[in-house]
Amino acid sequence: MQPVDFTSISTDPLELPLFRSKELRADVLRLDRMHPQVSGNKWFKLQYYLDTAIREGSNTLVTFGGAWSNHILATAAACRMQQLRCAGIIRGEEPARLSHTLAAARQLGMELYFISREAYRAKFIPGALREPGCLLVPEGGYGPPGAAGAATILQYCNVDAYTHFCCAGGTGTMAAGLLQAAPPGTTVSVISVLKNHHGLEKDIRHLCPQASARLQVVHGYHFGGYAKHPPELLACMNDWFRQTSIPADIVYTGKLFSAVLALAQEDFFPPGSRLLLLHSGGLQGNDSLRKGTLIF
Ligand SMILES: *Cc1c(COP(=O)(O)O)cnc(C)c1O
């Protein structure tokens with residue numbers, strides 16, 4: 001498979017009249033360019049789990065996710081590259097036809113275990129995966145190693161050039177890593193992609209108790225809830241692409257970019273702010289859409 005290419009990560013300036021009129025500058029950190037399948041932030045969140053598995057001699061990485069999970073596919077790819085066995089515990093019964101994501105994960109060698117939604121909620125682990133040698137990675141890579149891995153993302157930009165680091169938040173692991181790495185006096189602005197996910201701020205702070213930067217969690221840009229993608233969101237993503245030539249995904253970065261535009265419009269960011277928007281990848285999930293829905 002194609003290797004991950006860190007040299008392709010760039011910071012692309014956004015030349016939008018809205019930002020100019022509000023005296024804002026904004027760049028996008030393009031983690032989506034590292035690899036077509038391996039979601040940018042997932043790769044970073046996994047790196048220390050992989051190191052632990054190798055160091056401790058675990059032979060199998062075990063993790064959890066849904067049918068379109070970026071985390072599942074990134075885990076499958078990362079394990080393939082490290083020649084580690086891996087298993088995915090998948091929410092819901094096995095469908096007659098696998099999603100693109102699961103088919104690609106299986107192709108990369110991941111063993112898939114389908115469990116009911118109830119069992120999934122209860123974090124049930126099939127007996128075969130409770131053997132010694134199996135290392136469990138929490139869903140989304142949430143945990144101190146995940147945050148420490150995400151902190152290394154900011155090595156790919158000049159951190160001192162920004163006042164605000166803006167990212168999408170699911171489990172909050174990436175946001176916690178950014179908080180660890182962002183210089184004092186800067187702000188990490190997190191757009192929650194889940195509806196009423198009021199525990200997000202606590203989950204982030206739990207992974208970063210001595211946050212040197214300020215944390216701002218923004219609710220209200222979930223577009224109906226996790227993975228919901230009403231026509232307004234799709235229109236916004238197409239519009240964004242027309243203006244910036246940057247593709248977004250329906251679950252995370254589409255919501256991030258829409259939110260940042262709306263927040264800029266409402267003067268949420270003080271004039272003179274310099275924003276770094278994290279394009280955390282995830283484009284493979286757009287394969288769940290009907291062809292032609294997006295213009296990119
Ligand atoms: C998983 C994911 C996120 C959210 O990361 P968390 O660390 O769970 O908050 C953001 N963007 C993309 C593209 C993702 O795949």
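Both radii come from the Cα set of segment 122-177: Rg as radius of gyration, Rh as Kirkwood radius; their ratio Rg/Rh reads 1.15. The Cα atoms of segment 106-245 cover 49, 40, 31 Å along the three principal axes, with the biggest extent listed first.
Unpaired cysteine residues in the chain (no second Cys Cβ under 4.7 Å): Cys134, Cys157, Cys166, Cys167, Cys208, Cys236.
Legend: translational diffusion of segment 37-129 by Stokes-Einstein, Rh = Kirkwood radius over C-alpha pairs, 10 °C, 1.306 mPa s; D = 120 µm²/s. Along the charge dipole of the chain, Cβ charges K/R +1 and D/E -1, which of Leu263, His219, Pro95 sits furthest on the positive end? My answer, from the dipole projection, is Pro95. Take the eigenvalues of the Cα gyration tensor for the chain, scale each by 5, and report the square roots as semi-axes in whole Å, largest first. For the chain, the semi-axes come out at 31, 21, 18 Å. The eigenvalues of the Cα gyration tensor, multiplied by 5 and square-rooted, give segment 133-213 an equivalent ellipsoid with semi-axes of 21, 16, 11 Å from largest to smallest. Since only Ser280, Ser10, Ser245 are under comparison, the one whose Cα sits farthest along the positive direction of the charge dipole of the chain, derived from C-beta charges on Lys, Arg, Asp and Glu, is Ser280. Simple point charges give the picture: +1 on the Cβ of Lys and Arg, -1 on the Cβ of Asp and Glu, and for the chain a dipole about the Cα centre of about 340 debye. Please name which of Gln82, Gly177, Cys167 has its Cα lying farthest along the dipole of the chain towards the positive end, using unit charges on Cβ (Lys, Arg +1; Asp, Glu -1) and the Cα centre as origin. Going by the charge dipole, the pick is Gln82. Each Lys and Arg Cβ is given +1 and each Asp and Glu Cβ -1; about its Cα centre, segment 213-296 then shows a dipole of about 140 debye. Shape analysis of segment 247-294 based on the Cα gyration tensor places the equivalent ellipsoid semi-axes at 27, 11, 6 Å, largest first. Here the average projected area of the convex hull drawn through the C-alpha atoms of segment 194-243 stands at 4.8 nm². In the chain, the calculated helix contribution to ellipticity at 222 nm averages -10000 deg cm²/dmol per residue, counting -39,500 (n - 2.57) for every DSSP H run with n ≥ 4.
Computed with a 1.4 Å probe over protein heavy atoms only, the accessible surface of the chain comes to 44 Å² per residue.
Label sites at Arg242 and Glu111, each approximated as a point 7 angstrom past Cα along Cα to Cβ, lie 5.0 nm apart.
Spacing of the modelled spin labels on Asp5 and Ala227, each 7 Å from Cα toward Cβ, amounts to 3.0 nm. Using equal-weight Cα scatterers in the Debye expression, the normalised intensity of segment 176-296 in log10 at q = 0.09, 0.15, 0.19 Å⁻¹ is -0.27, -0.73, -1.11. Taking amide H atoms as placed 1.01 Å from N in the peptide plane, the amide H of Arg85 lies under 5 Å from those of Leu61, each 5 or more residues away in sequence or on another chain. The portion of the accessible surface of the chain made up by carbon and sulfur, rounded to a whole percent, is 51 (1.4 Å probe; DNA, RNA and ligands excluded).
The magnitude of the dipole of segment 87-133, with charges of +1 and -1 set on the Cβ of Lys/Arg and Asp/Glu and taken from the Cα centre, is near 160 debye.
The values are calculated or read from the model by the stated rules, or taken from the named source; none is laboratory data. Note that the coordinates shown come from a computational prediction; the quantities given were computed from them, not determined experimentally. Here the Cβ is made from the backbone with ideal geometry for all residues, glycine too, and neighbour counts use every protein chain on show. SASA here: full protein model, heavy atoms, side chains in, ligands and nucleic acids out. Shrake-Rupley method; radii C 1.70, N 1.55, O 1.52, S 1.80 Å.
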